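The values are calculated or read from the model by the stated rules, or taken from the named source; none is laboratory data. Keep in mind the model is a prediction, meaning the values are calculated, not measured. Note: ideal-geometry Cβ built from the backbone for every residue, glycine included; neighbour counts use all protein chains shown. Accessible surface areas use protein heavy atoms only, side chains included; no ligands, DNA or RNA. Shrake-Rupley method; radii C 1.70, N 1.55, O 1.52, S 1.80 Å.
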Amino acid sequence: MSSTASSSKTDDAEALRRHRILSSHLYYDVPPSKVPLIYSPSYDIAFFGIEKLHPFDSSKWGRICRFLTKEGIMDQKHLVEPVEATKDDLLVVHSESYLKSLNSSLNVSMIVEVPPVAMLPNCLVQKKVLHPFRKQVGGTILAAKLAKERGWAINVGGGFHHCSSEKGGGFCVYADISLCIHFAFVRLNISRVMIIDLDAHQGNGHEMDFSDDRRVFILDMYNPGIYPLDFGARRYIDLGVEVKSGTATDEYLTKLDHALEVAEKKFDPDFIVYNAGTDILDGDPLGRLKISPDGIASRDEKVFRFARERNIPLIMLTSGGYMKSSAKVIADSIVNLSNKSLIDMKS
């Protein structure tokens with residue numbers, strides 16, 4: 001193929017992507033009576049107990065909101081409910097062939113790492129597994145619009161950082177981070193995005209998707225000895241900070257402080273995507289780090305303060321976390337952010 005033909009094909013693909021983004025209904029005007037905390041009861045995954053075969057707590061999203069309500073920090077009626085991402089929305093990043101592959105229950109079972117899913121009719125898999133994930137994708141995308149308007153937004157779900165345009169894995173079916181950023185480029189007049197990925201696992205999905213995109217800077221602080229061990233994707237991390245198994249709170253927070261200082265010198269973002277996995281928590285069977293609950297609250301506070309002091313809109317995604325205690329740790333961290341006036345939970 002000639003370079004002219006190749007360039008024309010790329011231009012056509014970009015025009016189609018732009019058209020899909022501008023035609024989407026995922027952005028909508030949220031009334032001021034709502035706080036920029038995004039959640040739907042549809043987020044939670046439950047199908048005959050099979051979901052319990054994966055260590056991920058697939059009911060944590062609802063439990064976070066119940067903890068926040070119990071703390072008196074918010075009323076459920078003030079939450080923002082997202083719209084489910086459609087096929088056209090997903091095609092902004094994903095290929096037709098990848099989306100078609102999800103019509104196979106076997107393929108979905110391998111991505112979500114729950115083998116019995118392969119035995120279920122795909123219509124059931126779509127309803128019980130993929131619909132909740134598509135709702136969370138809608139939440140991540142909408143969060144960017146809310147953050148641009150209000151300075152911050154939290155999607156109580158999302159953060160599927162192992163999924164790229166062509167490949168899912170690690171309980172991540174759709175590339176919500178990549179989708180959110182492409183929507184923001186077109187709809188929000190954003191041109192420079194920093195991804196701060198502090199989940200214990202390397203964010204290989206968004207790293208592959210933005211491998212040659214200088215508009216996106218990736219700070220990834222991860223345990224190098226655990227899944228996904230994606231050495232190819234590691235080449236595309238702009239600022240990688242390895243935290244080995246057994247790393248404790250003080251060392252972790254010191255490394256984070258230094259990383260944020262370095263990141264600021266290397267890149268000047270006008271938007272931040274914060275992937276705030278709690279699988280760094282002491283005792284998490286997959287993360288293998290030893291960060292205390294207070295340490296997670298301090299970590300989140302540091303990232304929100306970094307954004308606030310520079311007047312950069314930020315979205316937070318809850319991502320991984322494989323202990324029942326994660327939901328309470330996340331809720332307590334959100335309460336701390338509110339107490340420190342880094343977010344405003346008053347409607």
#### Entry: Residue under evaluation Ile45, criteria (1) under 23 Å from Tyr322 (Cα atoms); (2) in a helix (DSSP H, G or I); (3) in contact with a helix residue (DSSP H, G or I) (Cβ under 7 Å, 6 or more places away or on another chain), criterion not met
(2)
### Filter pass, Asp57 being in a helix (DSSP H, G or I) and among the acidic types (Asp, Glu)
no
### Condition check for Ile190: in contact with a strand residue (DSSP E or B) (Cβ under 7 Å, 6 or more places away or on another chain) and part of a loop (DSSP other than H, G, I, E, B)
yes
### Contacts under 9 angstrom Cβ, first residue in segment 58-84 being over 12 Å from Tyr39 (Cα atoms) and open to solvent by less than 30 Å² (accessible area, probe 1.4 Å), partner acidic (Asp, Glu) and part of a loop (DSSP other than H, G, I, E, B), 6 or more apart
Ser58/Asp44
### Task
Could you please let me know if Val303 is in contact (Cβ under 8 Å) with a residue 60 or more places away in the chain, more than 20 Å from Ser58 (Cβ to Cβ), more than 17 Å from the chain's Cα centre (by Cα) and assigned to a helix (DSSP H, G or I)?
no
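Within segment 306-347, restricting attention to residues that are part of a helix (DSSP H, G or I) and of a type in the set (Ser, Thr, Tyr), which residue is nearest to Asp284 (Cα to Cα)?
Among those that are part of a helix (DSSP H, G or I) and of a type in the set (Ser, Thr, Tyr), it is Ser326.
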### Task
Being aliphatic (A, V, I, L, M) and surrounded by fewer than 20 Cβ atoms within 10 Å (Cβ to Cβ) is the filter; apply it to segment 9-45 and report the residue that is farthest from Asp75 (Cα to Cα).
Ala13
### Message
So if I check each of Ile196, Ile181, which one is assigned to a strand (DSSP E or B) and either under 26 Å from Val35 (Cβ atoms) or of a type in the set (Phe, Trp, Tyr) (or both)?
### Response
Ile196
### Message
Whether any residue in segment 198-219 is of a type in the set (Gly, Ala, Ser), more than 21 Å from Val173 (Cα to Cα) and open to solvent by 10 Å² or more (accessible area, probe 1.4 Å) is what I want to check.
### Response
no
### Query
Phe304 is checked against (1) open to solvent by 50 Å² or more (accessible area, probe 1.4 Å); (2) out of contact with any Gly (no Cβ under 8 Å at 6 or more places or on another chain) and fails just one. What number does that condition carry?
(1)
### Message
Would you confirm whether or not segment 283-291 contains a residue that is among the small types (Gly, Ala, Ser) and part of a loop (DSSP other than H, G, I, E, B)?
### Response
yes
